[in-house]
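Asker: Take this structure first; my questions come after.
The values are calculated or read from the model by the stated rules, or taken from the named source; none is laboratory data. Everything numeric in this text was worked out from a predicted model, so none of it was measured. All Cβ positions, glycine included, derive from the backbone under ideal geometry; neighbour counts span all protein chains shown. The accessibility values were calculated without ligands, DNA or RNA, using every heavy atom of the protein model including side chains. Shrake-Rupley method; radii C 1.70, N 1.55, O 1.52, S 1.80 Å.
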2 protein chains.
Amino acid sequence: MTLADINQGLQYITYGLYILTVADAEQKNGMIVNTVFQVTATPPCVAISVNKNSLTHEVLLRTKRFAAMPLDQTATLPFIGIFGFRTGRHFDKFAKVPFTTGKLGCPIVCAHTISYLEAEVQQMLDVGTHTLFVGEVKDAGVLNAAGLPLTYEYYHHVIKGKVPAGATHQF
Amino acid sequence: MTLADINQGLQYITYGLYILTVADAEQKNGMIVNTVFQVTATPPCVAISVNKNSLTHEVLLRTKRFAAMPLDQTATLPFIGIFGFRTGRHFDKFAKVPFTTGKLGCPIVCAHTISYLEAEVQQMLDVGTHTLFVGEVKDAGVLNAAGLPLTYEYYHHVIKGKVPAGATHQF
């Protein structure tokens with residue numbers, strides 16, 4: 001059983017694609033992730049898995065707050081590329097993107113997104129290359145009820161987006 | 001911001017639907033979950049969120065091993081109902097379902113499923129009503145490459161399945 005064999009079996013797990021954002025006085029940043037999922041209903045808590053090398057991870061450790069927005073199917077590869085594919089360490093990812101500031105202070109991107117949630121981190125679990133953050137949802141809402149969620153499968157087969165080497169579903 | 005408002009915003013998170021199985025010498029069981037996500041690529045690890053009241057949770061705490069299989073779109077409501085909606089405490093969910101036994105000893109259901117993974121639990125995180133289990137994938141494979149993943153959205157809108165009260169996306 002090679003890693004390639006295992007990946008064959010894992011490819012049928014269904015994911016959406018999300019812009020994950022963080023901010024404090026020094027820095028705001030966003031990245032594309034596929035791992036946003038609700039883990040409890042009462043209280044409403046979501047888990048996200050974030051690569052330890054990312055700037056978002058660095059800011060999240062300071063702020064313990066994040067926002068996540070499901071992308072819709074109108075999202076183009078250039079738009080996704082603003083948040084994915086490159087680090088925000090030397091580049092303001094929000095310079096040309098419409099956004100508001102959420103109740104917890106995280107950027108809420110208003111283009112090509114369907115809804116948003118803002119969460120406060122309650123627990124963290126070190127899972128090796130990534131940290132699993134569990135956050136209680138403090139605010140959430142709908143931005144565009146007519147939007148159709150951009151699934152990971154749609155991204156690969158219709159938008160024909162690539163995942164950079166080593167990106168682990170995050171880019 | 002009421003819980004109903006928050007749930008409005010959370011409804012656009014994309015999920016698949018999976019049969020989650022566990023087994024030891026005393027008991028084998030399975031349930032339907034929507035929370036199966038890969039959290040790291042190297043090594044390949046997946047996270048699942050399991051309600052503490054479920055029999056599957058009880059067995060999983062003993063065995064620390066689980067299998068998960070994405071359902072495909074041919075899964076009917078009666079088939080889903082074998083694993084969902086009711087406890088396996090007084091009912092053998094596998095009596096009329098074709099399955100094999102995986103390398104880690106978990107039942108691998110072969111009907112209406114696309115692929116399988118078997119994982120060994122490495123870490124657990126108490127998230128209140130549920131436990132988040134992180135497992136390293138030890139075996140995985142494809143059962144029916146032509147299958148189309150049954151998403152949670154498809155389940156609600158095409159199969160028109162219900163989620164019982166208090167089920168927290170697990171039934």
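Asker: Considering only residues that are without any contact (Cβ under 8 Å) to a residue 60 or more places away in the chain and either out of contact with any strand residue (DSSP E or B) (no Cβ under 8 Å at 6 or more places or on another chain) or over 21 Å from B:GLU26 (Cβ atoms) (or both), which ones fall in the range B:101-139?
Answerer: Of everything in the range B:101-139, those that are without any contact (Cβ under 8 Å) to a residue 60 or more places away in the chain and either out of contact with any strand residue (DSSP E or B) (no Cβ under 8 Å at 6 or more places or on another chain) or over 21 Å from B:GLU26 (Cβ atoms) (or both) turn out to be B:CYS110, B:ALA111, B:HIS112, B:ILE114, B:SER115, B:TYR116, B:GLN123, B:LEU125, B:ASP126, B:GLY128, B:LYS138, B:ASP139.
Asker: With respect to A:VAL46, determine if the residue is at pLDDT 95 or above, in a strand (DSSP E or B), surrounded by 21 or more Cβ atoms within 10 Å (Cβ to Cβ) and touching a His at 6+ places or on another chain (Cβ under 9 Å). Steps first, please.
Answerer: On the way: at pLDDT 95 or above: yes; in a strand (DSSP E or B): yes; surrounded by 21 or more Cβ atoms within 10 Å (Cβ to Cβ): yes; touching a His at 6+ places or on another chain (Cβ under 9 Å): no.
No: the conditions fail for A:VAL46.
Asker: If we keep just the residues of the range A:16-39 that are aliphatic (A, V, I, L, M), assigned to a strand (DSSP E or B) and open to solvent by less than 10 Å² (accessible area, probe 1.4 Å), which is nearest to the other protein chains (Cβ to nearest Cβ)?
Answerer: Here the answer is A:VAL39.
Asker: Let me ask something additional. Could we say that A:THR56 is crowded, with 20+ Cβ neighbours inside 10 Å, at negative phi and out of contact with any helix residue (DSSP H, G or I) (no Cβ under 6 Å at 6 or more places or on another chain) here?
Answerer: Values: crowded, with 20+ Cβ neighbours inside 10 Å: yes; at negative phi: yes; out of contact with any helix residue (DSSP H, G or I) (no Cβ under 6 Å at 6 or more places or on another chain): yes.
Considered against the rule, which asks whether it is crowded, with 20+ Cβ neighbours inside 10 Å, at negative phi and out of contact with any helix residue (DSSP H, G or I) (no Cβ under 6 Å at 6 or more places or on another chain), A:THR56 comes out as yes.
Asker: Another question about this same structure. Can you tell me which condition B:PRO78 does not meet? The list is (1) free of Cβ contacts under 8 Å to residues at least 24 places away in the same chain; (2) under 30 Å from A:VAL127 (Cβ atoms), and all the others hold.
Answerer: The number of the failed condition is (2).
Asker: Among (1) open to solvent by less than 10 Å² (accessible area, probe 1.4 Å); (2) free of Cβ contacts under 8 Å to residues at least 60 places away in the same chain, there is one condition B:LEU71 misses while meeting the rest; what is its number?
Answerer: (2)
Asker: Okay, next question. Identify, from the list A:PHE83, A:PHE94, A:PHE66, the residue that is surrounded by fewer than 20 Cβ atoms within 10 Å (Cβ to Cβ) and aromatic (Phe, Trp, Tyr).
Answerer: Values: A:PHE83 fails: surrounded by fewer than 20 Cβ atoms within 10 Å (Cβ to Cβ); A:PHE66 fails: surrounded by fewer than 20 Cβ atoms within 10 Å (Cβ to Cβ).
From the options A:PHE83, A:PHE94, A:PHE66, the qualifying one is A:PHE94.
Asker: Which one of these does A:PHE94 not meet: (1) at pLDDT below 95; (2) farther than 17 Å from A:PHE66 by Cβ?
Answerer: Unmet for A:PHE94, out of (1) at pLDDT below 95; (2) farther than 17 Å from A:PHE66 by Cβ: (2).
Asker: Right, next: Name the residues in the range B:40-63 that are of a type in the set (Val, Ile, Thr) and either in contact (Cβ under 8 Å) with a residue 24 or more places away in the chain or more than 7 Å from every other protein chain (Cβ to nearest Cβ) (or both), would you? Working first, answer last.
Answerer: Taking the range B:40-63 and keeping what is of a type in the set (Val, Ile, Thr), we get B:40, B:42, B:46, B:48, B:50, B:56, B:59, B:63.
Matches in the range B:40-63: B:VAL46, B:ILE48, B:VAL50, B:THR56, B:VAL59, B:THR63.
Asker: Something else now. Residue by residue through the range A:98-118, note down the ones that are part of a loop (DSSP other than H, G, I, E, B) and open to solvent by less than 10 Å² (accessible area, probe 1.4 Å). Write out each step before concluding.
Answerer: From the range A:98-118, those part of a loop (DSSP other than H, G, I, E, B) are A:98, A:102-106, A:110-112, A:114; that's our starting set.
Within the range A:98-118, A:CYS106, A:ILE114 qualify.
Asker: Assuming A:THR151 fulfils every condition listed in (1) more than 19 Å from A:PHE66 (Cβ to Cβ); (2) modelled with pLDDT of 85 or more; (3) more than 9 Å from chain B (Cβ to nearest Cβ) apart from one, which condition is it?
Answerer: If we test A:THR151 against (1) more than 19 Å from A:PHE66 (Cβ to Cβ); (2) modelled with pLDDT of 85 or more; (3) more than 9 Å from chain B (Cβ to nearest Cβ), just (3) comes out false.
Asker: Given the criteria more than 9 Å from chain A (Cβ to nearest Cβ) and either surrounded by 19 or more Cβ atoms within 10 Å (Cβ to Cβ) or not small (Gly, Ala, Ser) (or both), does B:VAL137 qualify?
Answerer: Working: more than 9 Å from chain A (Cβ to nearest Cβ): no; either surrounded by 19 or more Cβ atoms within 10 Å (Cβ to Cβ) or not small (Gly, Ala, Ser) (or both): yes.
Considered against the rule, which asks whether it is more than 9 Å from chain A (Cβ to nearest Cβ) and either surrounded by 19 or more Cβ atoms within 10 Å (Cβ to Cβ) or not small (Gly, Ala, Ser) (or both), B:VAL137 comes out as no.
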